[in-house]
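What follows is a single structure, written as structure tokens, with notes after it.
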Amino acid sequence: MKRLMKLKKAKTIIILLIIIALAIILLITKNTSTNKINQNNTISEPEIIPDREVILEITPNATYGELMKQASTTPEIANSIFDASQEIYDLSKIRVGRELKLIYDKDTNIFKKLIYQIDTEEELHVNLQGDATWQAEIKKIEYEIRIKTSAGTIESSLYETGLEQNLDEVVIIELADVFQWTIDFAMNIRTGDYFKFIYEERYLDGEYVMPGDILVAKFINDGREYKAYYLDRAQLDENNSVGGYYNENGESMQKIFLKAPVSYKYISSGFTTGLRYVQAFDVSTKHRAIDYAAPYGTPIKAVGDGTVVHASWNGGYGNFISIRHNSTYTTNYAHLSKYAVSYGQKVVQGQTIGYVGSTGFSTGPHVHYEMVKHGTKINPQTEDFPSTDGVAEEDQEAFNKIIEKYKEQL
């Protein structure tokens, strides 16, 4: 009896072991099948094929028509794209160094889109429509924006200090431009001057392209601190997208005149009310002007908006330009090598109006710069010029909120 019970018990244990073994085998088989299915699914996923792109580089003397012909585009299609774009961009004005991007459908190989980068901010897109016509639009370039901070102490110049910190030379120039109405970077920079600024870097497809806006900047020049905050007017008024720089009080950093009309080496002659002896010509003359020495051909800029009222030879002044800015101020530029503007032309601040030379009563390449106020020549280096429009009083509170976060970072 006992032996029979032992046999039954052993049989039961064997059956349980068999059941457990079968369950394990089934589980392993199921997982293996699932893995195979997953592997098969992965393998069977269709490859994503992008549209075909053809890049046409714009070389010197190349035209839109020639480039489209080079891409084997029919004259009818090329003309249709040109006509569709005419109202928003003239494709006859494509610029050397840029490119036309032609996109062909991945399935049909039909030419369906043309893209041209107009400038650093916008692209022209011309798309094929369902009715075989073409439609053009301007699109803003969507950069990836990364915020960067840079600071440094100047040993020789802002430019050299920036390069030592591996800054893009474009952003170094932009920093100088922010303060160009208050700091003379050619003459007034001192060893030990300090700067700090927060700015954007722009990327496309993960690659650095160029710097964007400087958002806020601080510059300490000869112990005096200057701060500038960037404000896109659209932040206050959606109908106004003009950006500019302002101090903490909302006053514009931009003065009505630049500090100097040219990037110069040194001042060869300052403003004097008495007689000045010129040995080369053995004469004594008054010199109610500033002479900025600069290499022959250096661009000369209009220090402010205005109208050209004189652009021709003027005796001892040589090639001479005079700009009337308003009922109070006129500026004169003498000894030019050549002109970039003509009589009656409207100019804006910073626009190139001519080039440094040594024409007329001159002993070397420089620009003789005069400022006239109410008919009297004055010293532009001592005149306190007003700023352009600042933040309106009703927008001051909103402006303060915008710049608050940057104050802490500076």
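The values are calculated or read from the model by the stated rules, or taken from the named source; none is laboratory data. None of the values given here were measured: they were computed from a predicted structure. As a convention, Cβ positions derive from the backbone with ideal geometry for all residues, glycine included, and neighbour counts pool all protein chains shown.
Tell me which of these TYR296 doesn't satisfy, since it passes every other one: (1) in a strand (DSSP E or B); (2) on the phi < 0 side of the Ramachandran plot; (3) at pLDDT 80 or above. Every listed condition holds for TYR296 apart from (1).
Here's the yes/no breakdown for (1) under 22 Å from the mean Cα position of the chain (by Cα); (2) of a type in the set (D, E, K, R); (3) assigned by TED's automatic domain parsing to the domain that holds TYR208; (4) farther than 25 Å from TYR264 by Cβ:
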position: ILE115; (1), (2), (3), (4): yes, no, no, yes
position: THR120; (1), (2), (3), (4): yes, no, no, yes
position: VAL126; (1), (2), (3), (4): no, no, no, yes
position: GLN135; (1), (2), (3), (4): no, no, no, yes
position: THR149; (1), (2), (3), (4): yes, no, yes, yes
position: THR153; (1), (2), (3), (4): no, no, yes, no
position: GLN165; (1), (2), (3), (4): yes, no, yes, yes
position: VAL170; (1), (2), (3), (4): yes, no, yes, no
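None of VAL348, VAL308 is β-branched (Val, Ile, Thr) and surrounded by 19 or more Cβ atoms within 10 Å (Cβ to Cβ) except VAL308.
Scanning region 179-206 for residues that are in a loop (DSSP other than H, G, I, E, B) and of a type in the set (Phe, Trp, Tyr) yields PHE179, TRP181, PHE185. In the set (1) free of Cβ contacts under 8 Å to residues at least 60 places away in the same chain; (2) in the same structural domain as ASP205 (by TED's automatic domain parsing), THR182 fails one condition alone, (1).
Listed by first and then second residue, the pairs linking a residue in region 395-410 that is outside the structural domain of TYR230 (by TED's automatic domain parsing) and in contact (Cβ under 8 Å) with a residue 40 or more places away in the chain to a residue that is surrounded by 14 or more Cβ atoms within 10 Å (Cβ to Cβ) and aromatic (Phe, Trp, Tyr), with Cβ atoms under 7 Å apart and 6 or more places separating them unless they lie on different chains, are ILE403/TYR229; TYR406/TYR229. Considering region 172-206, the residues that are among the small types (Gly, Ala, Ser) and over 18 Å from ARG146 (Cα atoms) include one that is nearest to the chain's Cα centre (by Cα), namely ALA176.
You will find that of GLY375, GLY364, the residue that is surrounded by fewer than 17 Cβ atoms within 10 Å (Cβ to Cβ) and without any contact (Cβ under 8 Å) to a residue 12 or more places away in the chain is GLY375 and no other.
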